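Undergrad: First the structure, which I've put down as structure tokens, then a few questions once you've had a look.
The values are calculated or read from the model by the stated rules, or taken from the named source; none is laboratory data. Source: prediction; values computed, not measured. Cβ placement follows ideal geometry from the backbone for every residue including glycine, while neighbour counts extend to all protein chains displayed.
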Ligand code: FES
């Protein structure tokens, strides 16, 4: 189950748009500890289709006593980004104390920071922290075009020629092979972006012979091949079908229905929520970074927190047995 979280009352105090499709909200948070590590995230309570839900976002640098998040409005979102975009100054909610699963090691001689699109949110804080401590670093930042590069201006002011931006619309592409081969042996790379970028980076890094522990990554939520659709889940030993709405994760639908689930990150990274697939009548849309490409292709298990079925019915075995639950 989820580790204990400390929830704090929070109120929106300002709103900005650091890129054409990104809304930044800053919250005054009651009793917030003044400092948190770069790469940390917070959970926030939102209402989606009239029902309470929890969404997780990276926190970006902000003044003491406040938390800022920057959220891209996803046309295919399950409702989380739209709920954040509806918030206005004065609105109240609750947020958790930031936690960090994407930490800087502070042990490398040089850091390569790689951001793809809205994946800049944890990387922004890392760049600020590394620069403040005088660490050797380079940041590369790619997006479809420059209007979609949130925080490019403050990053440029902070890093100067240590930042290189790549705009796909201008025919510029990030060359991961070249970036990795230019690194000293004990360098580390931190990457946040879409699943395809992360998988390419992992593949090239592995082939380069560098220790995988020196490539650290975080994925963001919009990694589906298909738009969200409602589907049915049947759990072995449970005895009835559970509907997973388009605006809901399978993990939420299962826990709401009383199926005991183990989970932690809710971001497709830790693998704790993975359940065995018995059968599927639709296409499985794997959106995690926990399984390898080969494992996803063979389809033995699915991460319930992010992955879904593209319509139809999924039969899973969570280990649940009614007689054990009674
Ligand atoms: S809870 Fe971590 S992968 Fe699902």
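Undergrad: Quick one: how many residues across the range 245-262 are more than 12 Å from the ligand (Cβ to nearest atom) and within 27 Å of residue 192 (Cβ to Cβ)?
TA: The number of residues fulfilling the criteria is 3.
Yes/no matrix, rows are residues, columns are (1) at pLDDT 85 or above; (2) within 26 Å of residue 217 (Cα to Cα); (3) touching a helix residue (DSSP H, G or I) at 6+ places or on another chain (Cβ under 6 Å); (4) not assigned by TED's automatic domain parsing to the domain that holds residue 147:
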site	(1), (2), (3), (4)
13	yes, no, no, yes
20	yes, yes, yes, yes
36	yes, yes, no, yes
58	yes, yes, yes, yes
67	yes, yes, no, yes
77	no, yes, no, yes
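Undergrad: Same structure, new question: Restricting to the range 123-143, give me the number of residues that are under 25 Å from residue 167 (Cα atoms) and in contact with a helix residue (DSSP H, G or I) (Cβ under 9 Å, 6 or more places away or on another chain).
TA: 13
Undergrad: Quick one: in the range 13-28, of everything that is in contact (Cβ under 8 Å) with a residue 40 or more places away in the chain and over 22 Å from the mean Cα position of the chain (by Cα), which residue is surrounded by the most Cβ atoms within 10 Å (Cβ to Cβ)?
TA: Checked the range 13-28; the qualifying residue surrounded by the most Cβ atoms within 10 Å (Cβ to Cβ) is 13.
Undergrad: Taking the condition of being assigned to a loop (DSSP other than H, G, I, E, B) and within 24 Å of the chain's Cα centre (by Cα), how many residues in the range 232-250 meet it? Give the steps one after another, and end with the answer.
TA: Taking the range 232-250 and keeping what is assigned to a loop (DSSP other than H, G, I, E, B), we get 236-240, 245-249.
Checking which are within 24 Å of the chain's Cα centre (by Cα) leaves us with 245-249.
Number of matching residues: 5.
Undergrad: Of the residues in the range 263-282, how many are modelled with pLDDT of 90 or more and either in a strand (DSSP E or B) or within 8 Å of the ligand (Cβ to nearest atom) (or both)?
TA: Number of matching residues: 11.
Undergrad: Among the residues in the range 105-112, are any in contact with a strand residue (DSSP E or B) (Cβ under 6 Å, 6 or more places away or on another chain) and under 22 Å from residue 21 (Cβ atoms)?
TA: no
Undergrad: While we're here: Which number in (1) within 24 Å of the chain's Cα centre (by Cα); (2) crowded, with 17+ Cβ neighbours inside 10 Å marks the one condition that residue 159 misses?
TA: (1)
Undergrad: Looking only at residues in the range 79-95 that are farther than 19 Å from residue 31 by Cα and part of a loop (DSSP other than H, G, I, E, B), which one is modelled with the lowest pLDDT? Break it down into steps so the answer makes sense when it comes.
TA: In the first step, residues of the range 79-95 are kept if they are farther than 19 Å from residue 31 by Cα; the result is 79-89.
Within this subset, residues satisfying the condition of being part of a loop (DSSP other than H, G, I, E, B) are 79, 87-89.
On the way: 79: 72, 87: 94, 88: 96, 89: 97.
Per the criteria, the residue is 79.
Each row is one residue, and each column tells you yes or no for (1) part of a helix (DSSP H, G or I); (2) more than 21 Å from residue 60 (Cβ to Cβ).
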| residue | (1), (2) |
| --- | --- |
| 135 | no, no |
| 138 | no, no |
| 155 | yes, no |
| 161 | yes, yes |
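Undergrad: May I ask you to list the residues in the range 289-317 that are in a loop (DSSP other than H, G, I, E, B) and either without any contact (Cβ under 8 Å) to a residue 24 or more places away in the chain or more than 10 Å from the ligand (Cβ to nearest atom) (or both)?
TA: Across the range 289-317, the qualifying residues are 290, 291, 292, 299, 300, 311, 312.
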